[in-house]
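Notes for the one structure printed next.
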Amino acid sequence: MDIAGEKAIIKIFATSLQKNAKIVLEGFLEETIDLSPEQVYEKEIYVGVTSFSELSLKVYNEKNRELLSITSEKVDAPIIPEAAKPALSPEETPTCEQLYLTGLHLEQYRHATYNPTDYYLEALKRDASDVRNNNAMGLWLFRKGKFAESQKYFQTAIDTQLQRNPNPYDGEPRYNLGLALQYQGKDKEAYDAFYKSCWNAVMQDAGYFGCAQISCKQDNLDDALYEIDKSLVRNWHNHKARSLKTAILRKLGNSVVALALIEESLKIDLFNFGCRFEHYLISNSKTVLAEMIALMRGEIHNYEIVALDYIAAGMYDEAVLLLEIGADVCKTTPMTFYYMAWALGLNKKENKEALEKAASHNPEYCFPNRLEAILALEYAQKANPKDAKAPYYLGNLWYDKRQYSEAIACWEKSVTIDASFSTVHRNLALAYFNKLQQETKAVEYLEKAFSLDTTDARILMELDQLYKRLCRSHSERFQFLEEHIDLVVQRDDLYLEYATLNNQLGNYPKAIEWIDNRIFHPWEGGEGKVPAQFQIARVELAKQFLINKEYIQAVKLLEECLEYPHNLGEGKLDGAQENDFHYWLGIAYEGLNQIEKATHYWELAIEGSTEPAAAIFYNDQKPDKIYYQGLALLKLNREKEAKIRFDALIAFGEKHKDELIKLDYFAVSLPDLLIWEDNLTFRNKIHCHYMLGLGYYGLGEIVKAKLHLEQASKMDSNHQGVQVHLKQISS
């Protein structure tokens with residue numbers, strides 16, 4: 001509904017046929033009509049000077065039930081909600097309740113920098129018996145594959161609950177204990193925990209399902225049928241429970257009821273693969289099997305998931321058969337055969353062939369992440385000690401779960417068995433540098449990785465970034481990339497690093513040519529980097545032209561810095577600071593004796609924020625922009641204002657150079673392509689020395705400027721701003 005002049009415009013779209021619907025615009029219209037999705041109802045009604053806020057439109061069905069009501073609300077000034085607040089540190093959080101809620105929030109939103117366990121453990125430091133924090137800590141450990149460690153936290157939560165009530169209000173800790181025990185193979189204890197959790201109605205769906213799985217493993221099928229029915233009473237649409245019930249009915253010989261349940265289940269969810277496979281097992285119909293295969297889309301993951309459900313219920317033959325069917329029609333992963341070998345082993349059947357297939361399988365794109373994969377891969381290592389890939393895959397999983405010591409141990413075991421696989425060396429390099437702070441070992445492992453596969457452009461990129469992180473000389477890194485130029489051109493990030501090294505070595509025409517001849521594509525952590533090198537090359541070459549009094553050529557290069565060509569792969573940010581380009585354009589036009597134009601560009605160069613800030617993200621203002629404001633002000637004979645700019649840089653540097661820096665709570669990304677973990681406090685110190693150097697340079701205090709710039713250069717020889725201005729001081 002809208003209003004135009006003295007007419008109200010009504011448009012009604014029905015999503016289904018509404019016969020004899022009544023449309024009422026109070027005081028102006030009452031009409032009965034059939035509404036349908038095929039035709040939009042439209043009408044203009046004369047309402048005179050009636051305001052929109054006084055109009056009320058209602059639509060009723062033929063039984064006079066209101067379907068729609070539109071009444072304009074009076075527009076008041078909106079109340080601005082309070083801004084979101086960052087979480088307090090664990091130590092500052094006042095109560096165990098808030099510690100629990102904060103940890104839960106961090107888990108739910110997968111916070112990038114804050115760790116939920118810091119909050120749970122702080123709460124348990126204050127009250128070791130706290131039920132919810134023990135349960136949360138146990139659940140976090142369980143999800144990370146630390147089943148035995150999680151058990152003690154669940155048990156502590158239960159012990160606290162039992163102090164006042166033998167049948168606690170909340171059965172979740174007891175159910176979670178059952179899961180932890182089940183994954184440790186302690187089925188009897190797990191069954192007891194699952195069963196007791198069902199005292200709490202909320203847990204009956206999951207608790208009875210867990211009981212039914214264990215009863216199936218123990219071949220107590222009558223008990224299993226009773227338990228799965230109890231589970232379905234609480235959650236009638238539990239598709240895993242429906243699949244398990246059909247399997248139980250089949251094994252009990254009750255195929256008629258099983259087929260009826262399958263038919264009913266597929267009406268709810270056509271993609272219930274477990275029920276479809278059960279249908280095939282009962283009917284032995286090739287048509288049923290073909291339909292299931294078609295719906296599973298040639299994705300082996302679908303077969304693996306259903307097979308794991310069978311393994312959990314002790315139905316190992318069914319799991320193996322399903323995986324074999326999947327292996328015949330899908331592109332497999334190593335885990336397909338590890339799961340198959342595990343199921344055969346649990347069933348005490350020959351599994352040598354499956355283990356060998358798993359060990360020799362192409363490892364590309366295999367990233368196991370399920371908790372069952374831990375059990376399967378641990379079994380494989382015992383069953384086939386010569387398999388180097390099982391500990392490699394398990395190491396990947398542990399690293400993903402943030403269990404770094406376990407990951408390193410697995411990868412080292414893999415290398416001991418077979419030292420010829422480059423990726424495991426690469427992974428160890430990451431772990432040794434980022435988690436153990438052992439730089440020398442990291443270099444050794446990554447150099448070994450690249451020597452084993454000199455066709456891997458990613459490892460080359462990571463190795464060069466490691467050399468960069470360790471401040472290897474520009475000439476050494478340049479020569480290294482030159483030797484592998486065929487790999488350099490395969491990746492935007494490597495290609496840009498080569499261009500950057502050309503800039504750092506003063507090969508500006510080569511850098512310009514290199515950048516201009518490629519179409520770049522944006523990548524995470526690469527924002528702003530291509531334009532930066534595009535501009536640095538031009539500005540530095542323009543300075544050489546200025547020295548040689550080739551002002552026209554300098555102007556051309558500097559003007560190119562103001563426009564981003566399409567091939568850079570990103571546009572210029574709104575409000576981008578261009579003080580340095582404008583300053584140097586002013587110098588160029590001064591050289592051409594075009595003072596009016598020079599003044600115009602210096603006036604542009606003094607615009608923008610004058611407040612120094614920590615430059616963490618690529619779009620944060622860089623301190624040299626303020627420095628060039630000051631230089632432009634000097635050119636405009638506004639010495640006092642220029643001094644304010646330089647003093648601000650010095651004051652900020654002095655005030656903040658010893659600060660402890662951490663990422664903002666609301667930060668959603670890291671400031672750079674972070675392969676090798678960095679220290680933001682260390683980066684801040686470099687940044688502050690750079691500010692101090694620029695500030696003193698602007699004031700003409702060359703000795704102090706050089707001191708701070710050299711200090712920054714010692715800390716990071718790759719800081720191009722430092723490098724550029726040290727070069728200026730020395731020239």
Quiz item: Out of all the residues in region 86-101, is one or more in contact with an Asp or Glu (Cβ under 6 Å, 6 or more places away or on another chain), part of a loop (DSSP other than H, G, I, E, B) and crowded, with 18+ Cβ neighbours inside 10 Å?
Solution: yes
Quiz item: Can you name every residue in region 510-525 that is of a type in the set (A, V, I, L, M) and surrounded by fewer than 16 Cβ atoms within 10 Å (Cβ to Cβ)?
Solution: Ile519
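If you check Asn507 against the conditions, is it touching a Phe, Trp or Tyr at 6+ places or on another chain (Cβ under 8 Å), closer than 19 Å to Ile485 by Cα and surrounded by 15 or more Cβ atoms within 10 Å (Cβ to Cβ)?
Values: touching a Phe, Trp or Tyr at 6+ places or on another chain (Cβ under 8 Å): no; closer than 19 Å to Ile485 by Cα: yes; surrounded by 15 or more Cβ atoms within 10 Å (Cβ to Cβ): yes.
So Asn507 does not fit the description; no.
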Self-check item: Leading residue by the ranking (farthest from Glu540 (Cα to Cα)) among those in region 669-725 that are without any contact (Cβ under 8 Å) to a residue 40 or more places away in the chain and not in a helix (DSSP H, G or I)
Solution: Asn679
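Run down Pro385, Pro368 and say which single residue is assigned to a loop (DSSP other than H, G, I, E, B) and either under 26 Å from the mean Cα position of the chain (by Cα) or among the polar types (S, T, N, Q) (or both).
Working: Pro385 fails: either under 26 Å from the mean Cα position of the chain (by Cα) or among the polar types (S, T, N, Q) (or both).
One residue alone meets the criteria, Pro368.
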Self-check item: Residues that are under 11 Å from Ala8 (Cα atoms) and of a type in the set (Asp, Glu), drawn from region 38-53
Solution: Glu42, Glu44
Self-check item: Qualifying positions in region 609-637 - assigned to a loop (DSSP other than H, G, I, E, B) and under 20 Å from Ile536 (Cα atoms)
Solution: Ala615, Ile616, Phe617, Tyr618, Asn619, Asp620, Gln621, Lys622
Practice problem: Give the residues of region 604-627 that are among the charged types (D, E, K, R) and touching a helix residue (DSSP H, G or I) at 6+ places or on another chain (Cβ under 8 Å), sorted by residue number. | Solution: Glu607, Glu611, Lys622, Asp624, Lys625
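Counting only residues that are β-branched (Val, Ile, Thr), give me the helices (runs of 4 or more DSSP H) lying completely in region 114-200 with at least 2 of them. If you could, list the steps in order and put the result at the bottom.
On the way: elements: 116-126, 131-143, 147-161, 172-183, 187-197.
Fully inside region 114-200 and qualifying: 147-161.
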Exercise. Hey, can you tell me all the residues within region 262-306 that are farther than 22 Å from Val320 by Cβ and buried (at least 19 other Cβ atoms within 10 Å of the Cβ)?
Key: Ser265
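Test of understanding: among Lys58, Lys63, Lys85, which residue is of a type in the set (D, E, K, R) and outside the structural domain of Phe13 (by TED's automatic domain parsing)? Quick ask: steps written out before the conclusion?
Numbers: Lys58 fails: outside the structural domain of Phe13 (by TED's automatic domain parsing); Lys63 fails: outside the structural domain of Phe13 (by TED's automatic domain parsing).
Lys85 is the lone residue from the list that is of a type in the set (D, E, K, R) and outside the structural domain of Phe13 (by TED's automatic domain parsing).
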Quiz item: Within the set of pairs 6 or more residues apart or between chains, which connect a residue that is within 11 Å of Phe273 (Cβ to Cβ) inside region 293-314 to a residue that is among the β-branched types (Val, Ile, Thr) and part of a helix (DSSP H, G or I) with Cβ atoms less than 6 Å apart?
Solution: Ile293/Val329
Exercise. Could you tell me which numbered condition Gly171 fails, if it satisfies all but one of (1) touching a Pro at 6+ places or on another chain (Cβ under 8 Å); (2) crowded, with 21+ Cβ neighbours inside 10 Å?
Key: (1)
Quiz prompt | Of all residues in region 9-49 being loosely packed, with under 11 Cβ neighbours inside 10 Å and in a loop (DSSP other than H, G, I, E, B), the one that is nearest to the chain's Cα centre (by Cα) | solution = Thr15
Quiz prompt | Among (1) over 25 Å from the mean Cα position of the chain (by Cα); (2) surrounded by fewer than 22 Cβ atoms within 10 Å (Cβ to Cβ), the one test that Ala449 misses | solution = (2)
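Restricting to region 558-588, count the residues that are in a helix (DSSP H, G or I) and closer than 17 Å to Trp602 by Cα. Can you show your working first?
Going residue by residue through region 558-588, those that are in a helix (DSSP H, G or I) are 558-560, 566-568, 579-588.
Restricting the remaining residues to those that are closer than 17 Å to Trp602 by Cα gives 558-559, 579-588.
Number of matching residues: 12.
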Quiz prompt | Count of region 314-365 residues which are of a type in the set (Phe, Trp, Tyr), over 19 Å from Leu397 (Cα atoms) and assigned to a loop (DSSP other than H, G, I, E, B) | solution = 0
Quiz item: Ala419 versus (1) closer than 20 Å to Arg469 by Cβ; (2) outside any helix (DSSP H, G or I): which is the lone unmet condition?
Solution: (1)
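The values are calculated or read from the model by the stated rules, or taken from the named source; none is laboratory data. Please read these numbers as outputs of a predicted model, since none were measured by experiment. All Cβ positions, even for glycine, are placed from backbone atoms using ideal geometry, and neighbour counts span all protein chains on display.
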